[in-house]
Amino acid sequence: MIQVKKLEKSYDNVNHLHILQNLNLTVEDGEFLGIMGASGSGKSTFLRILGGLETFSGGEAEVCGENLRTMKDAEKELYRQKAVSYVFQDYNLLSGLTVKENIILPCTMMHAEEKATEQDYTAITRKLGIDAYEERFPDEISGGEQQRAAIARAVLKHSKVLLADEPTGSLDMHTAGNVLELFGKINVDYRVTVVMVTHDVFSASFCNRIIFLKDGKFVNEIEKSGSQQDFYKAIQKEMREMDGIF
Ligand SMILES: Nc1ncnc2c1ncn2[C@@H]1O[C@H](COP(=O)(O)OP(=O)(O)OP(=O)(O)O)[C@@H](O)[C@H]1O
Ligand SMILES: [Mg+2]
């Protein structure tokens, strides 16, 4: 479970600039949550805080029973290694490692019993259409392929929580669909809690619930009640009603 109470984020170097303000949110285990909002509304900042990658100025944030405010640096390191998987908006692949080495790197740092198998690796890279590139280096593949390698790395890690920042931003609709099916599968089969930032209504329609941010504040949320198509329409409608935020 993810629990956020009165979360605040501001930067010391920027006077009176609140990046996140009074954010309250509970995400149950096994939810597939989407975060939407205009560029600069604080989506990545929020996700980075949940991922233990950034500190915050006030309030509380707890993920899987771990208190992110009181956690020491060494505990945070372990938290990042084990509790959460993260898909970065700018991929963050290591340039000196091949695609395969990048993807399996987090797994090689885990205990044997938690390790993904070669079979898992093959299934995921095939599903994402990057199995043919495993011996290449990140700068020898396209942006969309790098994005999929970053997704494979996060999914293969098998953490309880997957945090994904614009994971389909560089992908065409068909490839994005495969990524989202994969997220849906680990969400349902392994009850992985997925939190995904997206600008895209099609991607958002795979979620069960969407929260909308504006200027670092929560403005609304909608929940899927019927089909994916109905949810797609509901998200579109919400975006129209929040006119001007996208
Ligand atoms: N180190 C920093 N110092 C000051 N302000 C920052 C810093 N990092 C980010 N910001 C500001 O925080 C705000 C939120 O940034 P964030 O990256 O969370 O937005 P976002 O919603 O993810 O946007 P996008 O859709 O473009 O990715 C922006 O206005 C940004 O300029
Ligand atoms: Mg962002």
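The values are calculated or read from the model by the stated rules, or taken from the named source; none is laboratory data. Keep in mind that this is a model prediction, so the values were computed, not measured. Note that we place each Cβ from the backbone using ideal geometry, even for glycine, and neighbour counts take in every protein chain shown.
What to note about this one:
- Neighbours by Cβ (under 6 Å, 6+ apart or cross-chain): first from segment 146-168, of a type in the set (S, T, N, Q); second within 16 Å of ligand 2 (Cβ to nearest atom) and outside any helix (DSSP H, G or I): Q146/Y91; Q147/Y91; Q147/S170
- Looking only at segment 36-48, and only at residues there that are buried (at least 23 other Cβ atoms within 10 Å of the Cβ) and in a helix (DSSP H, G or I), the one that is farthest from ligand 2 (Cβ to nearest atom): F46
- Boolean, I245 is of a type in the set (V, I, T), modelled with pLDDT under 95 and within 15 Å of V84 (Cβ to Cβ): no
- Some residue of segment 217-232 being surrounded by 15 or more Cβ atoms within 10 Å (Cβ to Cβ) and small (G, A, S): no
- Segment 1-20, residues that are away from ligand 2 (no atom under 16 Å from the Cβ) and crowded, with 19+ Cβ neighbours inside 10 Å: I2, V4, L7
- Positions within segment 206-238 being under 29 Å from K5 (Cβ atoms) and polar (S, T, N, Q), in sequence order: N208, N220, S225
This table checks each residue for (1) at pLDDT 95 or above; (2) under 24 Å from A83 (Cβ atoms).
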| position | (1), (2) |
| --- | --- |
| R153 | yes, yes |
| K157 | no, yes |
| L162 | yes, yes |
| L171 | no, no |
| H174 | no, no |
| N178 | no, no |
| I186 | no, yes |
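- Residue in segment 63-83 that is within 16 Å of ligand 2 (Cβ to nearest atom), of a type in the set (V, I, T) and surrounded by 22 or more Cβ atoms within 10 Å (Cβ to Cβ) present: no
- Odd one out for K43, checked against (1) at pLDDT 95 or above; (2) more than 24 Å from E145 (Cα to Cα); (3) within 12 Å of ligand 1 (Cβ to nearest atom); (4) touching a Gly at 6+ places or on another chain (Cβ under 8 Å): (2)
- I222 modelled with pLDDT of 95 or more and more than 28 Å from K82 (Cα to Cα): yes
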